[in-house]
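The values are calculated or read from the model by the stated rules, or taken from the named source; none is laboratory data. As the structure is a prediction and not an experimental result, all values here were calculated from the model. So basically every Cβ, Gly included, is an ideal-geometry build from the backbone, and we count neighbours across all protein chains shown. Protein only, heavy atoms only, side chains kept; ligands, DNA and RNA dropped before computing areas. Shrake-Rupley method; radii C 1.70, N 1.55, O 1.52, S 1.80 Å.
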Amino acid sequence: MSEIEFEEVFKMYFSDVYKYVLSLCHDKDIAEEVTQETFFKAMRTIDRFNGTCKLYVWLCQIAKNTYFTLQKKHKGTVSEVDIFFSDKLDIESDYLSKEAVQRLHILLHDMKEPYKEVFTLRLFGELSFAQIGSLFDKSDSWARVIFYRAKKKLQEGMT
């Protein structure tokens with residue numbers, strides 16, 4: 001893919017990928033950074049894109065992995081903003097919550113496709129079942145069933 005073609009991909013998908021990342025992290029600066037890094041990685045590895053999914057799905061997967069990698073690097077740090085907005089800092093519940101979130105991320109990471117992708121797009125990407133079905137060239141009913149099964153697997157893994 002030439003630079004000109006990739007520039008078109010960037011223009012076409014940047015906003016959507018940014019919104020997806022923002023839904024993951026709820027921080028505009030981090031979302032901007034992760035989205036930029038996503039397109040940088042995509043540009044370097046575009047030859048690995050095999051077309052088995054839509055380009056947007058591939059970009060969101062790179063974005064998600066980039067965000068989780070960044071999150072792992074900063075694991076265990078509590079920002080001043082978090083401390084400021086919390087009424088009290090309950091270390092025990094904070095630890096248990098982080099432990100549960102980490103376990104959930106591990107379960108999600110180990111989940112097979114399309115369950116992982118559908119769950120991620122629905123929960124973190126806040127896409128409708130119709131949009132998810134469209135991305136996979138399937139129906140919205142298919143997306144609902146896959147999401148339900150993924151949710152069930154995660155719930156079972158958390159107990």
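Quick one: if the Förster radius is 35 Å, what FRET efficiency do GLU156 and HIS26 give, using the C-beta to C-beta distance and rounding to 0.05? With R0 = 35 Å, the Cβ-Cβ based efficiency is 0.80.
Figure the gain on full extension for GLU5 and LEU104 (residue separation times 0.36 nm, minus the Cα-Cα span) and round it to one decimal in nm.
Here the answer is 31.9 nm.
Express in nm, to one decimal, how much length is gained between PHE40 and PHE68 on full extension, taking 0.36 nm for each residue of separation and deducting their alpha carbon distance. Working shown, then result.
Working: separation 28, 0.36 × 28 = 10.08 nm, distance 1.64 nm.
Extra length from PHE40 to PHE68 when fully extended: 8.4 nm.
Roughly how many Å² is the accessible area per residue of segment 95-158, as a whole number, for a 1.4 Å probe? Each step should come with its number before you reach the end.
Working: 3950 Å² over 64 residues.
Result: 62 Å² per residue.
The charge dipole of segment 1-74, taken about its Cα centre with unit charges on the Cβ of Lys, Arg, Asp and Glu (plus for the first two, minus for the last two), comes to roughly 380 debye. For segment 1-43, a crude dipole built from +1 on the beta carbon of Lys and Arg and -1 on the beta carbon of Asp and Glu, taken about the Cα centre, is about 160 debye to the nearest 20.
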